[in-house]
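The values are calculated or read from the model by the stated rules, or taken from the named source; none is laboratory data. Since the structure is predicted, the reported quantities are computational estimates derived from the model, not experimental observations. Ideal geometry is used to build each Cβ from the backbone, glycine not excepted, and the neighbour counts take in all protein chains shown. When the accessible area is computed, the model is the full protein with side chains, heavy atoms only, and any ligands, DNA or RNA have been set aside. Shrake-Rupley method; radii C 1.70, N 1.55, O 1.52, S 1.80 Å.
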Amino acid sequence: MDLSATMELARSGRLYPSLILHGADEAERRAAALELGRCLLCDPSPSDRVRPCGSCRHCRRVGWGSAGADAFHPDFQVLERDLKTVTSVEATKAFLRGAQVTPFEAAGQVFVIASAETLSGEAANALLKLLEEPPGKTQRHFLLLAPSQFDLLPTLRSRSLAIFLGAGSRPGGDGVARAAAELGQALESYLGSRHAGELLAAATVLKGSAKWDDARSRAPWEHAATIALECAGGHADPAVRRALLALASDLLEAPRLRLRGIPPERILEGAVSRRLAGLALADAAP
Ligand SMILES: [Zn+2]
């Protein structure tokens, strides 16, 4: 699941109550939370139907609070880490009490936990309890921001939709665009020729020059997923886009297979052929 697909779900009112925004860097995660918050609270004028409109009284005030008095919306609340390395249970419970009341101005409420990876065990359980027994019928959304979804408790992950925002800015960012273009070319050749060798070429592009030695490292998988996401973003065909997004999501799950001792090449080839080989068949159908 990526951010633009998530925004579509938000617009249609079908978004999951709890979302994990992970990957990228902190600034990008915060920017994504603002964008999603505006999308959820926006009340556009009839001439300006796209949410977020960016100009209504809700859009203009969704912000981090600290950025000035203008950037404050009572139905968009942010919990920051209060201790050095932990978001305490006291602060979390006080924050979640905001979800016991009806919205002040908007039709729903958005609660952002800025460093969800630092939630103490008790704090995470308080949040879980609220997700399991939501008070009243108000539309509430909880946005949990974290470097990786795997930094959160499994119980919290299983109740949330994870949205990967990309591998973040690190040296070699240009390499992603180049690799995405190469992946696109390999896929085009495959769709044209249906030679399995072209799928192997696609897997090789995903493998790239990342560091695969450490089986516990998620970084190379996040890098490969970012290449697939970038390639999906540049593709016009919705079936191909969907397949690439599914591939990206498989790659993010792949560290588990790697820990079982399966070599990265095998995992990459398996994921590529599972998600992309079928495209040629659909393409070949009359
Ligand atoms: Zn608006």
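Summary of values
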| quantity | calculated |
| --- | --- |
| Residues being part of a loop (DSSP other than H, G, I, E, B) and either modelled with pLDDT of 90 or more or surrounded by 15 or more Cβ atoms within 10 Å (Cβ to Cβ) (or both) - total across segment 48-64 | 9 |
| One residue from 6, 102, 85 being surrounded by fewer than 15 Cβ atoms within 10 Å (Cβ to Cβ), closer than 22 Å to residue 157 by Cα, among the β-branched types (Val, Ile, Thr) and at pLDDT 90 or above | 85 |
| Of residues in segment 29-44 being aliphatic (A, V, I, L, M) and modelled with pLDDT under 95, the one surrounded by the most Cβ atoms within 10 Å (Cβ to Cβ) | 32 |
| Selection status of residue 280, at pLDDT 90 or above and part of a helix (DSSP H, G or I) | no |
| Per-region count, segment 68-98, residues out of contact with any strand residue (DSSP E or B) (no Cβ under 7 Å at 6 or more places or on another chain) and outside any loop (DSSP other than H, G, I, E, B) | 6 |
| Filter pass, residue 131 being aliphatic (A, V, I, L, M) and either open to solvent by 20 Å² or more (accessible area, probe 1.4 Å) or assigned to a loop (DSSP other than H, G, I, E, B) (or both) | yes |
| Selected residue (only one of 232, 219 is surrounded by fewer than 20 Cβ atoms within 10 Å (Cβ to Cβ) and in contact (Cβ under 8 Å) with a residue 40 or more places away in the chain) | 219 |
| Residue in segment 102-110 that is assigned to a loop (DSSP other than H, G, I, E, B) and closer than 21 Å to residue 163 by Cβ present | no |
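For every residue, the table says whether it meets (1) open to solvent by 70 Å² or more (accessible area, probe 1.4 Å); (2) assigned to a helix (DSSP H, G or I).
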| residue | (1), (2) |
| --- | --- |
| 142 | no, no |
| 178 | yes, yes |
| 185 | yes, yes |
| 224 | no, yes |
| 236 | yes, no |
| 239 | no, yes |
